[in-house]
Amino acid sequence: MSSTVITNIATLVTNDPSLGDGSPLGLVRDAAVVIEGDHVVWTGESRKAPTTDNRVDAGGRAVIPGFVDSHSHLVFAGDRTEEFNARMSGRAYSAGGIRTTVAATRAATDAELEANLTHYLAEALRQGTTTFETKSGYGLTVADEARALRIAAAHTDEVTYLGAHIVSPDHAEDPAAYVALVTGEMLDECAPHARWIDVFCEKGAFDGDQAREILTAGRAKGLLPRIHANQLGYGPGVQLAVELDAASADHCTHLTDADVDALANGNTVATLLPGAEFSTRAQWPDARRLLDAGVTVALSTDCNPGSSFTSSVPFCVALAVRDMGMTPDEAVWAATAGGARALRRDDVGRLSPGARADLAVLDAPSHVHLAYRPGVPLVTEVWRRGVREV
């Protein structure tokens, strides 16, 4: 098996506190990484690097683990520019705009949906994302939800069944019938193509009792729970996530002290999605409050055509530092190791022996530049499974 050393790395983020400076980022200065096949086999100071078949000079740049985007909605069609324009002109955001995308997605062919998906995946890869989760949720019929998951599953293992995005327009007068569909025939058709089940637990979508029924049904089919929680207001979503041992409660904008305590004492990651607050002019999640309480925090894009149309994790890192109280170190950890925790993965989000060889090379001497130079395309190389793809 061929081996490659990437050397002359100014600052290497390993996310392994047993390495380097002993911080959560496990920073190694003047570093090198050795790759065999698709995995990292050695990390340390350049001068101590073992002999390898190939040598790549990082040119004094920083190297970080590939971003782990644990929340996106990329199987869709259509455009919601007019809605965004109206919102930026003063109209408040609500969950109802999803129906516009549902209509466009149902009308699209499989080829059109896959072309759209791969377009945004390539866009994200260029910005350093090497692992991503994506959801259904814009079909809301048995056939359309199942095809969305089949399309997504061809491109990632982290596929989420979100038939419970909103109550389908076809069942607007009978939400109970739609919940029965989501937990019955639709679940039966979708479960073979997904790893996760999700629900939008929010006013205008699904209440706590409905969300519990949906997630419990999914778990009985072998799907692991995650949840859209407490984005638009206070509600039961976070408490339900912890109760059901969901991997992640996503958004977490409006939290009581009891919500924070539950997250701090449970196994559920709080995934923050600053692109949504940026794109809706909504209240920012208080990351500092969560971190100070000992909650595990992830950062993700929530890339979707309505409320957060960005595939850029670096942009979200900059927002989290500027407006959510995170330090640059915390934000980078949350966008890499935090995202891996939110997907219950230990093979990505770090650069230490045994990890998958997913990494991004920055045109900067330090990971801090991701927040220090917002909007600048700093990612110059991306390696995934040991192969340079960008």
> Got at least one residue in the stretch 305-321 being in contact (Cβ under 8 Å) with a residue 60 or more places away in the chain, in contact with a Lys or Arg (Cβ under 7 Å, 6 or more places away or on another chain) and over 21 Å from Thr380 (Cβ atoms)?
Replying inline: yes
> If you check Arg341 against the conditions, is it within 16 Å of Glu158 (Cα to Cα) and under 12 Å from the mean Cα position of the chain (by Cα)?
Replying inline: yes
> Quick one: what pairs do we get from the stretch 368-390, first residue surrounded by 18 or more Cβ atoms within 10 Å (Cβ to Cβ) and assigned to a loop (DSSP other than H, G, I, E, B), second small (Gly, Ala, Ser) and at pLDDT 95 or above, C-beta under 7 Å, 6+ apart or different chains?
Replying inline: Leu378/Ala364; Gly386/Gly37; Gly386/Ala357
>> Against the definition (buried (at least 23 other Cβ atoms within 10 Å of the Cβ), in contact with a Ser or Thr (Cβ under 7 Å, 6 or more places away or on another chain) and not in a helix (DSSP H, G or I)), how does Leu351 come out, yes or no?
In response: yes
> Across the stretch 23-58, what is the number of residues that are more than 14 Å from Trp333 (Cβ to Cβ), in a loop (DSSP other than H, G, I, E, B) and small (Gly, Ala, Ser)?
Replying inline: 2
>> Quick check on the stretch 70-79. Is at least one of its residues under 27 Å from Thr336 (Cα atoms), open to solvent by less than 60 Å² (accessible area, probe 1.4 Å), of a type outside the set (Ser, Thr, Tyr) and assigned to a strand (DSSP E or B)?
In response: no
> Can you pull out the residues in the stretch 103-140 that are small (Gly, Ala, Ser) and under 20 Å from Trp383 (Cβ atoms)?
Replying inline: Ala122, Ala124, Gly128
>> Just checking: which of the helices (runs of 4 or more DSSP H) contained wholly in the stretch 252-341 hold 1 or more residues that are open to solvent by 50 Å² or more (accessible area, probe 1.4 Å) and out of contact with any strand residue (DSSP E or B) (no Cβ under 9 Å at 6 or more places or on another chain)?
In response: 257-265, 287-292, 313-323, 328-333
>> Please go through (1) closer than 19 Å to Thr160 by Cα; (2) out of contact with any helix residue (DSSP H, G or I) (no Cβ under 7 Å at 6 or more places or on another chain); (3) loosely packed, with under 12 Cβ neighbours inside 10 Å for Met88 and return the number of the only condition it doesn't satisfy.
In response: (1)
>> What's the number of the only condition in (1) under 27 Å from Gly139 (Cβ atoms); (2) open to solvent by 10 Å² or more (accessible area, probe 1.4 Å); (3) touching a helix residue (DSSP H, G or I) at 6+ places or on another chain (Cβ under 7 Å) that Arg344 fails to meet?
In response: (3)
>> Between Arg61, Arg87, Arg91, which is part of a helix (DSSP H, G or I) and basic (Lys, Arg)?
In response: Arg87
> more than 26 Å from Val5 (Cβ to Cβ) and modelled with pLDDT of 95 or more, is that true of Val368?
Replying inline: no
> Of everything in the stretch 231-251 that's among the small types (Gly, Ala, Ser) and open to solvent by less than 10 Å² (accessible area, probe 1.4 Å), which residue is farthest from Arg344 (Cα to Cα)?
Replying inline: Gly237
> Just to be sure, is Ala58 surrounded by 19 or more Cβ atoms within 10 Å (Cβ to Cβ) and either in contact (Cβ under 8 Å) with a residue 60 or more places away in the chain or not aliphatic (A, V, I, L, M) (or both)?
Replying inline: yes
> What is the number of the single condition among (1) under 29 Å from Val348 (Cβ atoms); (2) open to solvent by 40 Å² or more (accessible area, probe 1.4 Å); (3) charged (D, E, K, R) that Arg106 does not meet?
Replying inline: (1)
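The values are calculated or read from the model by the stated rules, or taken from the named source; none is laboratory data. Small disclaimer: the values here were computed from a predicted structure and weren't measured. No Cβ is skipped: glycine too gets one built from the backbone with ideal geometry, and neighbour counts run over all protein chains shown. Each accessible area value is taken on the protein alone, full model and side chains, heavy atoms only, with ligands, DNA and RNA left out. Shrake-Rupley method; radii C 1.70, N 1.55, O 1.52, S 1.80 Å.
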